[in-house]
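These notes concern the structure reproduced below.
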Amino acid sequence: MELRALVRDLYGVDRPQGCTEAEIAAVRERFGVLPAVVEDFWRTFGHTKRLNYVQDDWIFPEQYSKWKWLEDCDALILLNENQGVCRAGIRREDLALPDPPVYTQTEDDDPWLLSASTASEFLEAALTYEAVWQLEHTPEDCFFYWLTDEELEAVQTKLARRPVVLKNWMDYELTFYSSRPDNLVVVMDVGGQYQTMYGASTRESCDALMEVMEGLGEPI
């Protein structure tokens, strides 16, 4: 999916704000080379404030000028979990690739685990996941639900699955479903158990989503 359309539909941003070429060049100088897809992402979205109102922290050139811990990391970090428990990045040896794989790590000494086979896929998946935290219209009684296998099958049958997967984020695998471009169901595979959260940008789209989700799941 084109990222501008995703950000428009799920974040309500028609005119994203990007980084300057000087900001990007400063990070490129630090690493020697940057993947073209990451530069394009920063150039388009690097100063888009709406992306800061989510669960986790996008790492843009501005953060590289502020956070000292990034200097010691052996990867180009793209996304950092809000308490620093998990991070996603591109290994230094892959930075010369135009669209390299993205890996996640939970602790400093833990191995890097594959999150997405390309940075393009990761960016789309991560933008999709982070969007659910700031959607205006969500269920009124609870935000998180456990799904049974049968309830998950209902989601998979009645909603369209989005084409990306976010793997090994906080030990979860995340898949995404929608009935319209501006609504979203996130399913988190937690060791064979399924947790979900969902919402929409408009009340109309939320009502359309609830035609499927109403009555599904046990509140957490």
If you place +1 on the Cβ of every Lys and Arg and -1 on the Cβ of every Asp and Glu, how big does the dipole about the Cα centre of the chain come out, in debye to the nearest 20? 800
Tally Lys and Arg at +1 and Asp and Glu at -1 over the other residues with C-beta under 13 Å from the C-beta of Ala75: what net charge comes out? -3
Footprinting exposure proxy for Leu209, Leu3, Leu152 (fewest neighbouring C-beta atoms within 10 Å first): Leu3, Leu152, Leu209
Compute the angle between helix 21-31 and the longest alpha-carbon principal axis of the chain, please, reported from 0 to 90 degrees and rounded to the nearest 10. 70
I want the local charge near Thr202. Using Cβ-Cβ distances under 11 Å, sum +1 for each Lys or Arg and -1 for each Asp or Glu among the other residues. -3
For each of Thr106, Thr157, count neighbouring Cβ atoms within 10 Å of the residue's Cβ, then give the residues from fewest to most. Thr157, Thr106
Given all pairs of different Cα atoms, what value in angstroms does the Kirkwood hydrodynamic radius of the stretch 35-128 take? 13.4
Mean projection of the alpha-carbon convex hull of the chain over all orientations, in nm²? 11.7
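When only C-alpha pairs under 8 Å and at least 6 residues apart count, what is the relative contact order of the chain, in percent? Numbers along the way, then the final one.
On the way: 392 pairs, mean separation 38.4, N = 220.
Answer for the chain is 17 percent.
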Taking only C-alpha pairs under 8 Å that are 6+ residues apart, what is the relative contact order of the stretch 132-215 in percent? 35
Rounded to the nearest 500, the 222 nm mean residue ellipticity computed for the chain from DSSP H runs (n ≥ 4, each -39500 (n - 2.57)) alone is -9000 deg cm²/dmol
Can you compute the charge dipole magnitude of the stretch 132-215 about its Cα centre, using +1 on each Lys and Arg Cβ and -1 on each Asp and Glu Cβ, nothing else charged? Give it in debye, rounded to the nearest 20. 380
Could you please rank Leu51, Leu97, Leu79, placing first whichever residue has the fewest other Cβ atoms within 10 Å of its Cβ? Leu97, Leu51, Leu79
Give me the net charge for the shell around Ile24: Cβ to Cβ below 14 angstrom, other residues only, Lys and Arg +1, Asp and Glu -1. -3
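Each reported figure results from applying straightforward, stated rules to the coordinates on display, with no laboratory input. Note that the structure is predicted; figures quoted are calculated from it, not measured. Positions of Cβ are backbone-derived with ideal geometry, glycine not excepted, and every protein chain shown enters the neighbour counts.
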